[in-house]
1. Within the group Asp151, Asp173, Asp112, Asp163, which residue is modelled with pLDDT of 95 or more, of a type in the set (Asp, Glu) and over 30 Å from Thr97 (Cα atoms)?
2. List pairs: first in region 154-178 and free of Cβ contacts under 8 Å to residues at least 60 places away in the same chain, second part of a helix (DSSP H, G or I), Cβ under 6 Å, 6+ apart or cross-chain?
3. Whether any residue in region 124-137 is charged (D, E, K, R), surrounded by 12 or more Cβ atoms within 10 Å (Cβ to Cβ), within 12 Å of ligand 1 (Cβ to nearest atom) and outside any helix (DSSP H, G or I) is what I want to check.
4. Can you confirm whether region 140-157 contains a residue that is within 16 Å of ligand 2 (Cβ to nearest atom), under 20 Å from Ala8 (Cβ atoms) and either of a type in the set (Val, Ile, Thr) or within 17 Å of the chain's Cα centre (by Cα) (or both)?
5. Keeping to region 68-98, report how many residues are crowded, with 20+ Cβ neighbours inside 10 Å and touching a Gly at 6+ places or on another chain (Cβ under 8 Å).
6. Of all residues being more than 13 Å from ligand 2 (Cβ to nearest atom) and touching a residue at least 60 places away in the same chain (Cβ under 8 Å) in region 22-45, which is surrounded by the most Cβ atoms within 10 Å (Cβ to Cβ)? Just the residue, please.
7. Looking at Asp61 and the list (1) of a type in the set (Asp, Glu); (2) more than 21 Å from Leu192 (Cα to Cα); (3) without any contact (Cβ under 8 Å) to a residue 24 or more places away in the chain, which single condition is not satisfied?
Amino acid sequence: MKIVMLGAPGAGKGTQAIKIAEKYGIPHISTGDIFRANIKGGTELGMKAKAYMDKGELVPDEVTIGMLLDRIKEADCGNGYVLDGFPRTIPQAESLTAALEKMGDKIDFALDIEVPDEAIVKRMGGRRACPKCGATYHIEFAPPAKEGICDKCGAELIIRSDDKPETVKERLDVYHKQTEPLIRYYRGAGVLRGVDGTKELESVFQDLVSILEA
Ligand code: AP5
Ligand code: MG
């Protein structure tokens, strides 16, 4: 099963992608997480990505596409994967489609989590992230058992550097201009499914599972 998660920044792509990956035993591949791991590790790729991410802009396609296409060739991707945060531009989607076509393959589902911009701003303000394992929390909607500590790995939670209100606004603008056109792209491919992302996170997950198992 090959799945693409669509939705604005903060719509809940990461939250739901992790649950889907766990349920179906497939890897969760987040380009944002890969960039953040590289920033933390001080790699050249990380340095390059950081300049864009801190401004809320997209990392150039030349950097991102090759990185993702290499990742999906790894052995753990044999039974499929959940892509979170990729594709994010039409050229990224076209490259992915072309690479899969070469292998006689395709994306099975593009799951769009629909949340209006006003709700997004509130979510980002309360988000806390685990820098070690990538788990995501919200101080009000999905708090960890012990304040400030990751339930899964015990690391100290952080506020992402791009969750500042000004940067969130820029990320939403970039989303509407560059990423939202993918909804049409995947509708055209016949694989788009939308869910109401304003519901409580467990019911959003149930709606997604119903789509995947229909
Ligand atoms: P990335 O890490 O992908 O960030 P994003 O798309 O902006 O999305 P987020 O991770 O902020 O949100 P999410 O949808 O995963 O929501 P979450 O589950 O955390 O990318 C970061 C940057 O990297 C980009 O800006 C760009 O610079 C670069 N980049 C990455 N990929 C790229 C690409 N392909 N090309 C170019 N550049 C790229 O949820 C948000 C909060 O809400 C959490 O606190 C959560 O607990 C809470 N929440 C979730 N669901 C619910 C619910 N139903 N009800 C209430 N609260 C909820
Ligand atoms: Mg995310």
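1. Testing whether each residue is modelled with pLDDT of 95 or more, of a type in the set (Asp, Glu) and over 30 Å from Thr97 (Cα atoms) leaves just Asp151.
2. Asp163/Met124
3. The initial filter retains those residues of region 124-137 that are charged (D, E, K, R), namely 127-128, 132.
Now narrow it down to the ones that are surrounded by 12 or more Cβ atoms within 10 Å (Cβ to Cβ): 127-128, 132.
Applying the additional criterion that residues be within 12 Å of ligand 1 (Cβ to nearest atom) yields 127-128.
Now narrow it down to the ones that are outside any helix (DSSP H, G or I): 127-128.
So far as region 124-137 goes, yes, one or more of its residues are charged (D, E, K, R), surrounded by 12 or more Cβ atoms within 10 Å (Cβ to Cβ), within 12 Å of ligand 1 (Cβ to nearest atom) and outside any helix (DSSP H, G or I).
4. Filtering region 140-157 for residues within 16 Å of ligand 2 (Cβ to nearest atom) gives 141-142, 150, 152, 157.
Narrowing further to those that are under 20 Å from Ala8 (Cβ atoms): 141-142.
Subset that is either of a type in the set (Val, Ile, Thr) or within 17 Å of the chain's Cα centre (by Cα) (or both): none.
Checked region 140-157: no residue is within 16 Å of ligand 2 (Cβ to nearest atom), under 20 Å from Ala8 (Cβ atoms) and either of a type in the set (Val, Ile, Thr) or within 17 Å of the chain's Cα centre (by Cα) (or both).
5. 2
6. Among those that are more than 13 Å from ligand 2 (Cβ to nearest atom) and touching a residue at least 60 places away in the same chain (Cβ under 8 Å), it is Tyr24.
7. The failed condition is (3).
This table checks each residue for (1) out of contact with any Leu (no Cβ under 7 Å at 6 or more places or on another chain); (2) closer than 26 Å to Asp196 by Cβ; (3) not hydrophobic (A, V, I, L, M, F, W, C).
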{"site": "Lys40", "(1), (2), (3)": "yes, no, yes"}
{"site": "Ala51", "(1), (2), (3)": "yes, no, no"}
{"site": "Ile72", "(1), (2), (3)": "yes, no, no"}
{"site": "Gly78", "(1), (2), (3)": "yes, no, yes"}
{"site": "Ala93", "(1), (2), (3)": "no, yes, no"}
{"site": "Glu101", "(1), (2), (3)": "yes, no, yes"}
{"site": "Gly104", "(1), (2), (3)": "yes, no, yes"}
{"site": "Ala110", "(1), (2), (3)": "no, yes, no"}
{"site": "Val115", "(1), (2), (3)": "yes, yes, no"}
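The values are calculated or read from the model by the stated rules, or taken from the named source; none is laboratory data. If you're wondering where the values come from, they're calculated on a predicted model, not measured in any experiment. Reconstructed Cβ throughout: ideal geometry from the backbone, glycine too, with neighbour counts over all protein chains shown.
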